[in-house]
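*Asks:* Got a structure here, written out as structure tokens. Questions coming.
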Amino acid sequence: MTKKELRIKYKALRNALSPEETEDKSLAIANMLLKLDIWDKLYFHLFLSIEEHTEIQTEYILQILAGKDKEIVVSKSDFADCSMTHYLLTDNTRLKKNEYGIPEPVDGLEVPDNKIDVVFVPLLAFDANGHRTGYGKGFYDRFLAKCKNHVIKIGLSFFDAEEKIDDINHTDMVLDYCVTPNRIYTF
């Protein structure tokens, strides 16, 4: 399937989930993450969920990261050039939803791309080769290309892998893992 076809399919599948299913699957994904060998790292980048899009509820992952005393990094998006600026999430960080419903830090301590060790990557669908499709703007591909070479890229999905995404670009970043409620895929 093409990215466009996958976006349509997986938006519909996510929208069909009840709030209880979304919560249960999000908690299961957070628990699966505990099995990964990533917890010796310090800087973890996490997206904040867009509730209106039935995204994975990342507050469970936030709780794990805080409990393990990790440095949590969140981003602010610039839609003019499809870039992101990253900020340390602290008790003093003020969050505000942007025009697309994305909770973002208003300001704070900026964190450079090359400082980040692990990135939890949002997606709509992924395939058996570790390719993903998001909303189509390329924010995460641009961001990940600027990270250090050995940054760990972890996709989070309510659903299992597709066999293959047909229209992969050379700029598409491949995931290292994708975690679903029932399985960890390694690429």
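*Asks:* Would you mind finding the longest exposed-site-free stretch of the chain, with exposed GluC sites (Glu not before Pro) meaning DSSP loop and at most 12 other Cβ atoms within 10 Å?
*Replies:* 1-98
*Asks:* Let me ask something additional. With runs of 4+ DSSP H residues as the only contributors, calculate the mean residue ellipticity of the chain at 222 nm using -39,500 (n - 2.57) per run, divided by the residue total and rounded to the nearest 500.
*Replies:* That calculation yields -7500 deg cm²/dmol at 222 nm.
*Asks:* Pairs to check: LYS76/LYS137; LYS9/LYS76; LYS3/LYS25; LYS76/LYS115. Give those whose C-alpha atoms are more than 25 Å from each other in this structure.
*Replies:* LYS9/LYS76
*Asks:* Turning to a different aspect of this structure: List the residues, sorted by chain then number, that are 5 or more residues from VAL73 or on another chain and whose placed amide H is less than 5 Å from its amide H.
*Replies:* Distant-sequence amide H within range of VAL73: PHE44, HIS45, LEU46, LEU89.
*Asks:* Next up: Provide the gained length on full extension for the span LEU36 to CYS82, in nm with one decimal, where the gain is 0.36 nm per separating residue minus the Cα-Cα distance.
*Replies:* Gain on extension, LEU36 to CYS82, equals 13.5 nm.
*Asks:* Accessible area per residue, 1.4 Å probe, Å², for the stretch 55-185: what's the number?
*Replies:* 49
*Asks:* With the cut-off at 1.5 for a/c, could you classify the chain from its C-alpha gyration tensor as rounded, prolate or oblate?
*Replies:* rounded
*Asks:* Taking a point 7 angstrom from the Cα of ILE8 along the C-beta vector, which residues in the stretch 146-187 have backbone N less than 17 Å away?
*Replies:* Hits in the stretch 146-187 for ILE8 at 17 Å: 165-167.
*Asks:* If contacts are Cα pairs under 8 angstrom and at least 6 residues apart, what is the relative contact order of the stretch 73-136 in percent?
*Replies:* 24
*Asks:* Per the 1.4 Å probe, what fraction of the accessible area of the stretch 1-116, in percent, lies on carbon and sulfur atoms?
*Replies:* Accessible surface attributable to carbon and sulfur in the stretch 1-116 totals 49 percent.
*Asks:* Continuing with the same structure: Just want the answer: with Cβ charges of +1 for Lys and Arg and -1 for Asp and Glu, which residue in LEU88, VAL121, ALA16 is farthest toward the dipole's positive end in the stretch 1-141?
*Replies:* ALA16
The values are calculated or read from the model by the stated rules, or taken from the named source; none is laboratory data. Since we're looking at a predicted model, the values are computed, not measured. Note that we place each Cβ from the backbone using ideal geometry, even for glycine, and neighbour counts take in every protein chain shown. Surface accessibility is based on the protein's heavy atoms, side chains included, excluding ligands, DNA and RNA. Shrake-Rupley method; radii C 1.70, N 1.55, O 1.52, S 1.80 Å.
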